[in-house]
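Bear in mind that the values in this text are calculations on the coordinates, not laboratory data. Just so we're clear, the structure is a prediction, and the values are computed from it rather than from any experiment. Please note: Cβ atoms are built from the backbone with ideal geometry, for glycine as well, and neighbour counts cover all protein chains shown.
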Amino acid sequence: MKIAFDLRPLQIGHQNRGIGAYILNILERMPKNDGLTYIFLRYDSSNPIDKYNLGGELNYIDVVIKKRSFSKNPIKLLLYVYSNLVPAFNKLKRHKPDVFVQCDYLLGAPKNLRTKIITISYDLIPYVLRGYYLPSWRKYVGFRHLRIRSRVRLILHAWFYEQKYRNGIRLLKRSKRVISISKSTTSDLVRLGRVPENKISTIYPAASFRKNKQDVIIRDEIKELVKNLKGPTILYVGATDRRRQVKELIFAYNLYNAREGAINLLLGGKEFSTDSKSLDPKVKQEILSSSYSDTIHMLGKITEAEKKYLLENSSVFVYPTLYEGFGLPVLEAMEAGCPVITYRNSSLPEIADGAVLFTEEYGGYEIYISLCRILQDDKLASRLVKEGKAKAKLFNWENSANQFWEEIMNCK
Amino acid sequence: MGKKKTVKVFVDGEVLVIKHFSGIGHYTAELLKAVDRLLFEDEYSHFRFEIGVPRSDAHRIHRFSFDNFSFRKMPFSPHVANGLKQRKRLPPIDLLYGKRVYLFPNYSSWPTYFSPSIPVIYDLSFIHHSEFVEPKNQEFLVEQVGLSVKRSKKIITISHNSKNEIIKEFTLKDSDVEIAFPAVDMHNFYRSSDHTIAHTKAKYGVFGDYVLFVGNIEPRKNLISLLEAYDQLPKDVQNKYGLLLVGAKGWLDDEIHRRIISMRMRGLRVMQPTDYVEDDDLPALYSGASVFAYVSRYEGFGIPPIEAMACGTPVLSSDNSSLPEAVGDAASLVDATDIKSMSKQLAKLLTNNKLRQELVKNGYEQIMKFDWEESAKVLLKTLEEAAA
């Protein structure tokens with residue numbers, strides 16, 4: 001049996017996010033026997049198999065394709081758009097795989113009737129929060145204050161992503177099987193993507209602080225910082241895109257400082273560094289203008305081991321998110337034994353009900369109320385830690401990976 | 001779920017960009033910011049907002065960094081437009097921009113030919129308390145607001161008190177007037193750290209503990225009575241607490257300044273900031289104050305008291321117009337004309353710690369009653385109804 005696996009998601013930025021964790025954990029546990037041949041599709045920039053040490057002694061077929069990147073040259077731009085909207089898999093088709101596993105539904109799949117396609121779907125957030133992630137191109141037609149050039153660029157940009165996601169949904173529909181990572185994603189797939197429910201199977205991820213070579217180090221300055229903190233500590237680790245309301249978290253932090261007493265805020269993630277250009281300007285403004293900004297610590301990019309260390313040494317982990325496919329950071333916090341405050345939406349009640357503190361509504365004020373509850377009630381905090389640890393044990397990678405590979409073997 | 005019909009809205013954005021950024025400008029900016037946030041949601045994605053800005057100051061609109069609005073340039077400068085308004089020679093605005101709902105956030109509206117228009121009328125002080133409004137402005141408002149109401153499909157105002165007055169004055173139906181309350185943006189207004197307070201006080205040359213007033217220096221704010229009440233405080237209280245007056249120059253303020261100078265001559269600590277106070281520094285000044293005193297004769301709503309509440313400062317407020325509505329039971333209310341009881345109440349607030357704590361606690365609850373997002377929802381609902 002020939003199994004083709006698309007490794008490109010590991011090369012376009014997903015490796016640091018939840019999607020990367022899912023793929024890596026699945027690949028680490030791939031079955032190895034004589035009947036199986038693996039074909040890995042990747043860009044020429046690096047080799048994820050070597051980089052993450054996945055194969056061991058494995059013999060596999062390596063299919064390398066050139067990455068088309070965004071360019072201002074009109075011809076290259078057209079090629080970029082074409083390759084994104086109509087992806088071709090000529091090199092892969094030559095090897096005639098029986099099964100093709102696509103880990104990111106935006107990257108397409110071969111149109112070959114003999115190849116069975118399995119797609120992993122993490123979430124349909126762009127469709128759920130359309131206003132933030134996938135605004136209609138019609139919105140920009142009336143933007144008369146912009147130059148015609150910028151307006152056309154915005155319109156084309158919006159159109160491009162609309163098409164790309166539409167193709168993604170089409171791929172989900174023509175896949176033999178779709179693997180979703182939570183019940184809430186499954187119901188979204190049925191509701192928004194119109195994917196037949198009997199085609200979808202739910203396989204949960206689990207918390208895992210992966211131990212790569214570079215990931216076991218805990219920097220001394222972080223240890224020093226954590227040791228010298230006075231008073232309770234709020235931790236946030238993650239990105240600052242629109243669905244994560246970091247601004248509201250900082251507001252809650254300000255309010256707690258103003259009304260209850262001194263508290264610290266640790267912000268971890270690639271974007272929280274002084275020279276980061278991708279930090280949301282509104283978040284940056286909120287951090288800089290805070291009257292209590294001297295106890296906000298921006299840690300920048302942190303390793304897995306540091307994340308675990310911070311979770312173990314913080315009073316509360318706050319994750320204000322408007323939508324999640326699964327909510328891996330919440331599960332990781334639960335496993336590390338840190339009480340969690342989060343919003344009640346999407347998959348979060350499914351994985352963490354009873355083990356985290358959900359706010360009543362959205363917004364910074366509600367986070368503040370929850371902060372007061374957790375920090376001033378030790379019993380509640382210790383109960384959440386206990387429940388969280390118990391709940392996190394229900395998810396484990398061995399089971400999930402077994403289920404996953406079984407699904408693929410059965411597909412033949 | 002059927003697709004909703006697109007609602008096109010045009011907002012006269014003059015108040016957002018003029019150099020003298022007043023209370024009306026703040027209200028409009030905050031309301032539009034909340035609307036901007038709401039337009040990301042599916043429920044409101046059928047709204048298309050355009051903001052008309054005067055040609056000369058058009059670039060100043062970008063400091064708000066709205067995500068979902070587009071901007072158009074107005075045909076005349078504000079000066080010319082006001083002249084034409086007075087002469088009733090203003091062309092119908094919808095001949096220029098097409099059919100949409102027109103929102104005018106500054107009392108007076110343009111005529112429209114076939115489109116609904118909605119003015120925001122904050123209060124009727126120019127009719128009921130004409131002595132508090134500049135005569136030139138008063139004539140203009142009386143005439144223009146009458147016309148605006150006649151042209152309008154609906155009216156937006158900011159408090160129950162104003163709503164009742166408008167309904168009574170223009171004999172309207174209850175459903176014609178909607179209330180979009182102002183609120184405190186708690187992202188900016190919270191109790192500042194001691195470090196920030198000290199820094200800000202040093203920046204504006206303020207020292208010691210103080211009673212704070214924020215607002216334009218004009219007769220409507222009843223400053224003379226406040227000064228008088230401060231004068232009548234017991235000596236030991238007076239020595240401990242100064243009086244800080246923060247605000248832009250209004251009109252008819254000579255008498256007030258004379259009073260301040262004569263009090264300073266007698267060694268009383270009546271302070272004014274040494275520099276124009278920036279908006280970002282207001283929370284720190286509020287937080288540093290021992291009491292916030294706001295004893296106006298008339299207010300459309302009264303935002304400064306609730307801003308003070310958000311910063312955890314006890315409030316002394318007068319009991320007329322819409323102020324009781326704004327401050328609820330979280331402020332110590334006094335009669336604006338009774339100087340003696342005002343002074344007594346101020347002394348009590350400064351010395352009674354238990355009362356202060358209770359007021360602060362009530363204040364934190366009171367400010368939760370107002371929310372920009374709720375007001376924005378009211379606005380959008382009104383616009384949708386007007387468009388239908």
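In table form, for the structure just shown:
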{"item": "Candidate lysines - alpha carbon under 23 Å from A:K72, same-chain residues fewer than 8 apart omitted", "result": "A:K164, A:K277"}
{"item": "Spatial extent of the protein assembly as shown: Rg and Dmax, with the Cα atoms as the point set, Å", "result": "31.0, 101"}
{"item": "Low-density loop cleavage sites - chymotrypsin sites (Phe, Trp or Tyr not before Pro) in the stretch B:80-165, where at most 11 other Cβ are within 10 Å (DSSP)", "result": "B:Y113, B:F114"}
{"item": "Note, ³J(HN,Hα) from phi for the stretch B:5-21, Karplus 6.51, -1.76, 1.60, rounded to Hz, x at Gly and Pro", "result": "6, 5, 10, 9, 10, 10, 10, 6, x, 4, 5, 7, 10, 5, 5, 7, 7"}
{"item": "Cα→Cβ-extended label distance, 7 Å offset, between B:S130 and A:A390, nm", "result": "7.6"}
{"item": "Long-range HN-HN contacts of A:S180 with modeled amide H, under 5 Å", "result": "A:S121, A:S201, A:T202, A:I203"}
{"item": "FRET E, pair A:E407, A:R149, Förster distance 35 Å, beta-carbon r, rounded to 0.05", "result": "0.10"}
{"item": "Computed over chain B, Cα set: Rg, Dmax in Å", "result": "21.8, 73"}
{"item": "Rounded to 10°, Cα long-axis angle of helix A:378-393 versus longest principal axis of chain A", "result": "20"}
{"item": "Rounded tilt (10° steps) of A:304-313 against the dominant C-alpha axis of chain A", "result": "30"}
{"item": "Cα centroid separation - the stretch B:123-172 against the stretch A:35-64, whole Å", "result": "75"}
{"item": "Under 19 Å between alpha carbons - lysine pairs in the stretch B:194-369 that sit 8 or more apart or on different chains", "result": "13"}
{"item": "CD proxy at 222 nm, helix term only [per DSSP H run n ≥ 4: -39500 (n - 2.57); per residue of chain B; nearest 500]", "result": "-12500 deg cm²/dmol"}
{"item": "Amide H partners (placed H, <5 Å) of B:F10, local residues excluded", "result": "B:E50, B:V101, B:Y102, B:L103"}
{"item": "Partners for A:K270 among aspartates and glutamates (Cα-Cα distance below 14 Å; same-chain residues under 8 apart left out)", "result": "A:D241, A:D280, A:E304, A:E306"}
{"item": "Relative contact order %, the stretch A:220-393, counting alpha carbon pairs below 8 Å whose residues are six or more apart", "result": "23"}
{"item": "Pairwise label distance in nanometres, B:R87 with A:A262, each label 7 Å out on the Cα-Cβ vector", "result": "6.7"}
{"item": "C-alpha long axis of helix A:364-375 to longest principal axis of chain A, angle in °", "result": "70"}
{"item": "Per-residue ³J(HN,Hα) for the stretch A:4-12, Karplus 6.51 cos²θ - 1.76 cosθ + 1.60, θ = phi - 60°, Hz, x for Gly and Pro", "result": "9, 10, 8, 9, 4, x, 6, 10, 10"}
{"item": "Estimated vicinal HN-Hα couplings, Hz - the stretch A:81-89 in sequence order (Karplus 6.51, -1.76, 1.60; Gly, Pro = x)", "result": "4, 4, 5, 7, 8, 10, x, 10, 10"}
{"item": "For the stretch A:220-393: span of alpha carbons on each principal axis (Å, largest first)", "result": "39, 34, 32"}
{"item": "Mean Cα-pair separation over length for chain A, i.e. relative contact order, pairs under 8 Å, 6 or more apart, %", "result": "14"}
{"item": "Efficiency of FRET between B:H199 and B:D174 - r from beta-carbon atoms, R0 45 angstrom, step 0.05", "result": "0.35"}
{"item": "Distance between modelled label sites at B:K5 and A:D377, nm, 7 Å Cα→Cβ extension", "result": "4.9"}
{"item": "Residue order, fewest to most surrounding Cβ atoms within 10 angstrom, among B:M263, B:M186, B:M368, A:M334", "result": "B:M368, B:M263, B:M186, A:M334"}
{"item": "Under-5 Å amide H pairs with B:M271, H placed in peptide plane, nonlocal only", "result": "B:L243, B:L244, B:L245"}
{"item": "Choice from B:H187, B:H195, B:H257 showing the highest fluctuation, given a GNM over chain B with Cα pairs closer than 10 Å", "result": "B:H187"}
{"item": "Cross-link table B:K173/B:K381; A:K247/B:K8; A:K91/A:K173; A:K284/B:K5; A:K247/A:K308, entries beyond 27 Å C-alpha to C-alpha", "result": "A:K247/B:K8; A:K284/B:K5"}
